[in-house]
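Participant: One structure coming up, written as structure tokens, with questions to follow.
Every read-out reported here was derived from the displayed coordinates using simple, explicitly stated rules and does not represent laboratory data. Because the structure is a prediction, the values reported are computed rather than measured. FYI the Cβ positions are ideal-geometry reconstructions off the backbone, even for glycines, and counts take in every protein chain you see.
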2 protein chains.
Amino acid sequence: MQPLSQTKVFGGTQSVYTHRSDACDCDMRVAVFLPPQAKHGPSPALVWLSGLTCTEDNFTAKAGAQRMAAKLGLILIAPDTSPRGDQVPDDAAYDFGQGAGFYLNARQSPWGKNFQMETYIRDELTAWMTQNFPIDAQKIGISGHSMGGHGALTLHLKNPGLFKTCSAFAPISAPMQVPWGRKAFAGYLGDDQRLWEDYDAAALVAKRPSPAHILIDQGDADNFLTEQLRPEIFESACKDAGQTLTMRMQNGYDHSYYFITSFIDDHLRHHAAELAVT
Amino acid sequence: MQPLSQTKVFGGTQSVYTHRSDACDCDMRVAVFLPPQAKHGPSPALVWLSGLTCTEDNFTAKAGAQRMAAKLGLILIAPDTSPRGDQVPDDAAYDFGQGAGFYLNARQSPWGKNFQMETYIRDELTAWMTQNFPIDAQKIGISGHSMGGHGALTLHLKNPGLFKTCSAFAPISAPMQVPWGRKAFAGYLGDDQRLWEDYDAAALVAKRPSPAHILIDQGDADNFLTEQLRPEIFESACKDAGQTLTMRMQNGYDHSYYFITSFIDDHLRHHAAELAVT
């Protein structure tokens, strides 16, 4: 399997691959960081899901995660945020269509044929990564930013035995109650809100809290905080459900990768510590 | 003075400003990182010069330098790599014209009117930054990558009392002897090679070694190593001139910002330590 690109960083290897997704009926791009420790045997891995408009490159180039991942011996897997290509439907809006897959399985036409990101991440990506890289399949965590934080929380809560640890930066954690989520769910899933609940972290945690300790960082200078993110809804749902959660409001930080890079080391340490004892 | 953008990162502030350059007869963009310590008094500063095709953003977004700068209390100043704008001459090539100012004062038409990057960096940028930010003017270092490494070495060697410390990543350190440098010097300066020597780090160090300890990192998997960079020429010139130099060949690293981020902490520590005792 040949990478599209491969570069040494912090003693490890940062590569970008493309692989076939049957679920999305297209090729998907994935960035993979292998720390030096991966040469010596199976390592824990963290799947990172990016936000609206992003590709596999944003986290890889801007988060500065490889430094700590190389120290901890953590493999980083950063897939693209949606199916791509000329044959894949798109929308002119930044928050719908390509670059905005919302990590769900779409049911509405014309999106259903390709926008099967839940199946892709849960089944195909995990199979591909564990088959091709020295990953300990019992030690996989998941994290993400904004729309990707939504993906990380929902995929973890629905599959706590697969994605054993979970964290998020500024996640869309109550999508049914905010404009980004309502637009995406109506467009991809249709009007039946019972279907929406399966992709709403606040609704999911109420039904099935996980044994993990979830870590969330949220900047209090984030322009999207009060309209799109509303972390208090998820925080309240976790409290009611008995979900272990650390929610940190970070003074003065916005929604950018400068916020992510400021706290990524804490998240990587959190996953490494929790995965070490699973 | 209002920034174009301002974002909190690692407890400090990353901003982008624009300011007037009379030398370049245009507005210039500059990225400025202020560490938390800058609130409490004058701090040392490092000027970073980027390479061909870059702007003020590449180092700022990709090098991951703010983390260590915030620990060390180091201000980071990253200017654009050339004059810009519709009124500024340009060239279709990536290695000449806008984005390729080579940190020199051009003499050839039509470049001379705007391409006065040496004067801009040495006089205007340093005046602007020390007037507007809490910088200890006695503690300014300079570093850069590729074309910017050339800029850092030459500006340091010609102004060791202004830019007191110097380091570089994969610098063009013998430009008179490589295609990038010969093209730029012929185009901007003309055919008189006596003028070129004033912008060739290997020629300069032979005449006036500096009291500083210069640190250079060079990846041995860098595609430009043998044709464009040729660090052995500068290394030999330093040895002959008695210039203190640490030249580190880094196994397996290429010419990208993944190389820079892997070793930027060492460079920031090097500058902070040397500036502390100047």
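Participant: In whole Å, how far is the Cα centre of the stretch A:14-44 from that of the stretch B:2-73?
Facilitator: Centre-to-centre distance over Cα atoms comes out at 34 Å.
Participant: Report the percentage of all Cα-Cα pairs in the protein assembly as shown whose separation exceeds 29 Å, rounded to a whole percent.
Facilitator: 56 percent
Participant: Report the equivalent ellipsoid semi-axes for chain B in whole Å, largest first, defined as the square roots of five times the eigenvalues of the gyration tensor built from alpha carbon atoms.
Facilitator: Semi-axes, largest first: 26, 23, 17 Å.
Participant: Size of the dipole of chain A about the Cα centre, Lys and Arg at +1 and Asp and Glu at -1 on the beta carbon, nothing else charged, in debye to 20?
Facilitator: In total the dipole reaches around 780 debye.
Participant: Taking only the alpha-carbon atoms of the stretch A:80-158, what semi-axes of the equivalent ellipsoid follow from 5 times the gyration tensor eigenvalues under a square root, in whole Å, largest first?
Facilitator: In descending order the semi-axes read 24, 14, 11 Å.
Participant: In vacuum, with every alpha carbon of the stretch A:89-217 counted as one equal point scatterer, what does the Debye formula give for log10 I(q)/I(0) at q = 0.09, 0.17 Å⁻¹? Two decimals, please.
Facilitator: Treating every Cα as an identical point scatterer, log10 I(q)/I(0) equals -0.25, -0.87.
Participant: Given the convex hull of the Cα atoms of the stretch A:32-137, what is a quarter of its surface area in nm²?
Facilitator: 7.1 nm²
Participant: Here's another thing I want to ask about it. Distances from A:Arg248 to the same position in the other copies: list them in nm, one decimal, shortest first, using label points 7 Å from Cα along Cα→Cβ.
Facilitator: Result, one decimal in nm: 2.8.
Participant: Sticking with this structure for a sec: In the structure shown, do any of A:Lys39/A:Lys71; B:Lys8/B:Lys71; A:Lys183/B:Lys8; A:Lys113/A:Lys158 have a Cα-Cα gap over 25 Å, and if so which?
Facilitator: Distance filter (> 25 Å) returns A:Lys183/B:Lys8.
Participant: Bins of 5 Å, beginning at zero and ending with the bin holding the largest distance: percent of Cα pairs per bin for the stretch B:45-107, please.
Facilitator: Bins of 5 Å from zero give 4, 18, 23, 21, 13, 10, 7, 4, 1 percent of pairs.
Participant: Every other copy gets compared here: list the nm distances from the B:Leu4 label point (7 Å along Cα to Cβ) to its counterparts, shortest first, one decimal.
Facilitator: In ascending order, 2.8 nm.
Participant: In percent, what relative contact order does the stretch A:92-222 have, based on Cα pairs under 8 Å that are 6 or more apart in sequence?
Facilitator: The value is 24 percent.
Participant: Within a 10 angstrom radius of each residue's Cβ in B:11-19, how many Cβ atoms of other chains show up on average? Whole number is fine.
Facilitator: The per-residue average across the peptide is 1.
Participant: I've got another one for you. Hey, could you pull the Cα Rg and Dmax for the stretch B:211-278, both in Å?
Facilitator: My reading of the Cα-based Rg and Dmax gives 13.1, 37 Å.
Participant: Oh, and also: Hey, what's the per residue convex hull volume over the C-alpha atoms of the stretch A:77-123, in cubic angstrom?
Facilitator: Taking the convex hull of the Cα positions in the stretch A:77-123, it is 77 Å³ per residue.
Participant: Let me ask something else. Taking the axis that carries chain A onto chain B, what is the nearest Cβ in chain A, and at how many Å, to the whole number?
Facilitator: A:Gly64, 2
Participant: Nothing charged except the Cβ atoms of Lys and Arg (+1) and of Asp and Glu (-1): what's the magnitude of the dipole of the stretch B:1-124 about its Cα centre? Round to the nearest 20 debye.
Facilitator: Rounded to the nearest 20 debye, it is 660 debye.
Participant: Given R₀ = 60 Å, what would the calculated FRET efficiency be for A:Met176 paired with B:Gln177, taking r from the Cβ atoms and rounding to 0.05?
Facilitator: Here the calculated transfer efficiency is 0.40.
Participant: Please list, by residue number, everything in the stretch A:28-67 whose backbone N is under 19 Å from a paramagnetic label point 7 Å out along Cα→Cβ of A:Asp136.
Facilitator: Only A:33-48 fall inside the zone, counting backbone N under 19 Å.
Participant: Using the alpha carbons of the stretch A:175-239, what is the convex hull volume per residue in cubic angstrom, as a whole number?
Facilitator: 89 Å³
Participant: Starting with the highest mean, order A:198-211, A:83-96 by the number of other Cβ atoms within 10 Å, averaged over the residues of each peptide.
Facilitator: A:198-211, A:83-96
Participant: Within a 10 angstrom radius of each residue's Cβ in A:52-64, how many Cβ atoms of other chains show up on average? Whole number is fine.
Facilitator: Taking all residues of A:52-64 together, the mean is 2.
Participant: Using θ = phi - 60° and the Karplus relation 6.51 cos²θ - 1.76 cosθ + 1.60, list the HN-Hα couplings for the stretch B:129-137 in order, rounded to whole Hz, with x at every Gly or Pro.
Facilitator: 6, 6, 6, 9, 10, x, 9, 7, 5
Participant: Using only Cα atoms, what is the ratio of the radius of gyration of the stretch A:148-278 to 2.2 N^0.38 Å?
Facilitator: Relative to the rule-of-thumb radius for its length, the stretch A:148-278 sits at 1.02.
Participant: I've got another one for you. Let me know the volume per residue of the alpha-carbon convex hull for the stretch B:1-46, in Å³.
Facilitator: Value for the stretch B:1-46: 97 Å³ per residue.
Participant: Would you mind checking which residues have amide H under 5 Å from A:Asp27's amide H? H placed 1.01 Å from N; only 5 or more apart, or other chain.
Facilitator: Those lying under 5 Å, H to H, from A:Asp27 are A:Ser21.
Participant: Moving to a separate point now. First select every other residue whose beta carbon is under 13 angstrom from the beta carbon of B:Gln138; then total the charges, Lys and Arg +1, Asp and Glu -1.
Facilitator: Combined, the nearby Lys, Arg, Asp and Glu give 0.
Participant: Compute the projected area of the convex hull of the Cα atoms of the stretch A:128-195, averaged over all viewing directions, and report it in nm² to one decimal place.
Facilitator: Its Cα hull, projected and averaged over all orientations, spans 5.4 nm².
Participant: While we're looking at this one, here's another question. Counting alpha carbon pairs within less than 8 Å and at least 6 residues apart, what relative contact order, in whole percent, applies to the stretch B:12-167?
Facilitator: 26 percent
Participant: Another question, then. Taking the alpha-carbon distance from A:Lys164 and a cut-off under 16 Å, which lysines remain once sequence neighbours fewer than 8 residues away in the same chain are dropped?
Facilitator: A:Lys164 reaches A:Lys139.
Participant: Now for a separate question. Sequence neighbours fewer than 8 away in the same chain don't count; with that in mind, list the aspartates and glutamates whose C-alpha is under 12 Å from B:Lys62.
Facilitator: A:Asp57
Participant: With a 10 Å radius around each residue's Cβ, average the other Cβ atoms per peptide and rank A:147-154, A:60-67, A:230-237, highest first.
Facilitator: Ranking, from highest mean packing down: A:147-154, A:60-67, A:230-237.
Participant: Grab the beta carbon distance between A:Gln2 and A:Gln108, set R0 = 51 Å, and tell me the FRET efficiency rounded to 0.05.
Facilitator: Efficiency for this residue pair is about 0.90.
Participant: Right, here's the next one. Relative contact order for the stretch B:127-201: what is it in percent, counting Cα pairs under 8 Å that are at least 6 residues apart?
Facilitator: This gives 27 percent for the stretch B:127-201.
Participant: Shortest first and in nm with one decimal, please list how far the B:Gly190 label point sits from its counterparts in the other copies (point 7 Å along Cα→Cβ).
Facilitator: 7.7
Participant: If the only charges are +1 at each Lys and Arg Cβ and -1 at each Asp and Glu Cβ, what is the size of the charge dipole of the protein assembly as shown around the Cα centre, to the nearest 20 debye?
Facilitator: Charge dipole of the protein assembly as shown: 1220 debye, to the nearest 20.
Participant: Let me test this: with uniform point scatterers at the alpha carbons of the stretch B:1-94, what is the Debye-based log₁₀ I(q)/I(0) at q = 0.15, 0.19, 0.23 1/Å?
Facilitator: Calculated log10 I(q)/I(0) at the listed q: -0.61, -0.90, -1.18.
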